Amino acid sequence: MMKRRDFILGGLGGMAALTAGQAVAQDPLARALQHYMQELERAERQAGYLGPRITIPQAQKVTDGVYTVVGSMIWHNPSNYGLNNNLSFMIFENGVFVFNGSANPALSQALHRQIQQITDKPVRWVAVENHQGHAHLGSSYWYDMGVRNFYSQRQAHADFHASWDIIKDRWSRAVGHQLTAPAYDISDEFTVFDERMDIDVGGGEVVQMHYFGKGHTPGSTTLYVPSRNVIFPGDNAYESRMLALFNYTDTQAWVKTFERFMEFTPEGTIIVPGHGVPTDMATVKRDTYDYLKWMHREIQAIIDAGGSLREAENLDQSQFSHREVYAQTFAGNARHIYRELKGLDLGDAVD
Ligand SMILES: [Zn+2]
């Protein structure tokens with residue numbers, strides 16, 4: 001509760017040099033504003049959700065009772081409302097299971113409206129793919145709607161809990177304060193798991209949550225639903241789009257994690273990737289694992305020949321130039337892998 005108010009006060013400008021607490025103590029305007037925000041919050045809770053309404057792409061049917069909204073393939077920005085990953089839901093006997101809390105409550109509400117057009121069953125479970133803003137910032141919407149079962153892998157949960165304010169601020173600035181401001185931290189409501197947890201969703205069906213290891217992010221959740229023949233590897237598998245490597249991405253571990261994911265997944269299972277359209281294993285392997293293995297080989301060859309960071313950046317990756325966000329990622333990916341292979345500092349960042 002305090003975090004939310006502090007964020008709103010801090011985000012309104014003019015008080016940047018003061019902490020929110022100091023500002024409130026010294027400034028009658030800030031006191032009035034704080035009172036206003038408390039009243040607004042009370043009204044919001046009574047009404048459910050009063051923020052802006054947005055329209056998102058129609059959910060695709062993946063298989064019986066399984067749907068996904070395929071997010072934009074470019075960066076999160078105001079035009080896509082932060083919907084640049086996939087938001088999925090599955091309808092079971094005892095209710096609806098949502099995968100990813102989304103980037104803000106407005107997005108979650110837009111997804112909820114689509115769910116309500118397909119089923120009158122309530123959303124009972126929400127799991128998030130990793131610690132990133134578009135995985136968990138919108139979770140508070142589901143809490144306000146009465147959902148009480150939230151799941152995340154332990155490391156991912158620790159990361160988003162610790163970085164909540166920074167992540168929210170970054171996503172606010174990239175996507176818009178108006179959409180992001182209503183989000184508040186419900187970390188305490190999450191159940192965490194280490195390697196695996198199974199959720200009984202009724203009708204004899206089970207949703208399995210797995211952690212296959214570090215990769216795109218240090219912690220992540222893969223959902224597997226054997227009865228529907230579908231698996232959701234989150235950002236550990238991309239379709240079509242270029243991989244985005246962050247300071248926290250461990251690409252050496254990622255290929256091993258991907259190998260465990262391949263080993264685990266029965267042949268013919270439908271893959272709903274973190275980015276891109278539902279597909280098969282061969283496609284996500286090509287667009288994720290094969291790209292990383294190729295990069296490791298090529299960058300290692302540059303290092304072995306005494307090549308510089310600049311030479312790594314100039315590696316010819318044009319065979320991937322048809323892939324979305326190629327121009328924004330290829331040089332950064334080369335730099336990241338060069339630093340990894342040389343054991344250099346990758347910096348610290350959250351997103
Ligand atoms: Zn992501």
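The values are calculated or read from the model by the stated rules, or taken from the named source; none is laboratory data. Source: prediction; values computed, not measured. Virtual Cβ from ideal backbone geometry, glycine too; neighbours counted across all protein chains shown.
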Inspect segment 120-131 for any residue being farther than 23 Å from Thr63 by Cβ, in contact with a Ser or Thr (Cβ under 9 Å, 6 or more places away or on another chain) and either of a type in the set (Asp, Glu) or buried (at least 24 other Cβ atoms within 10 Å of the Cβ) (or both) and give the result as yes or no.
yes
For Asp198, indicate whether it is out of contact with any Gly (no Cβ under 7 Å at 6 or more places or on another chain) and part of a strand (DSSP E or B).
yes
Within segment 234-270, count every residue that is among the polar types (S, T, N, Q) and under 16 Å from Thr329 (Cα atoms).
4
(1) modelled with pLDDT of 95 or more; (2) more than 13 Å from the chain's Cα centre (by Cα): which one isn't true of Ser240, the others all being true?
(1)
Looking at segment 60-78, is at least one residue aliphatic (A, V, I, L, M), within 18 Å of Val230 (Cβ to Cβ) and over 18 Å from the mean Cα position of the chain (by Cα)?
yes
With the requirement that a residue be touching a helix residue (DSSP H, G or I) at 6+ places or on another chain (Cβ under 7 Å) and acidic (Asp, Glu), what does segment 106-138 give you?
Glu129
When only residues in segment 137-158 that are under 23 Å from Pro273 (Cα atoms) and part of a loop (DSSP other than H, G, I, E, B) count, which is nearest to the chain's Cα centre (by Cα)?
Leu137
When segment 28-81 is examined, which residues are found to be modelled with pLDDT of 90 or more, among the aliphatic types (A, V, I, L, M) and closer than 20 Å to Arg113 by Cα?
Ile54, Ile56, Ala59, Val62, Val66, Val69, Val70
Among (1) within 16 Å of the ligand (Cβ to nearest atom); (2) free of Cβ contacts under 8 Å to residues at least 12 places away in the same chain, where does Gln153 come up short?
(2)
Please find, within segment 223-260, the residue that is surrounded by the fewest Cβ atoms within 10 Å (Cβ to Cβ) out of those that are within 16 Å of the ligand (Cβ to nearest atom), part of a strand (DSSP E or B) and touching a residue at least 60 places away in the same chain (Cβ under 8 Å).
Leu223
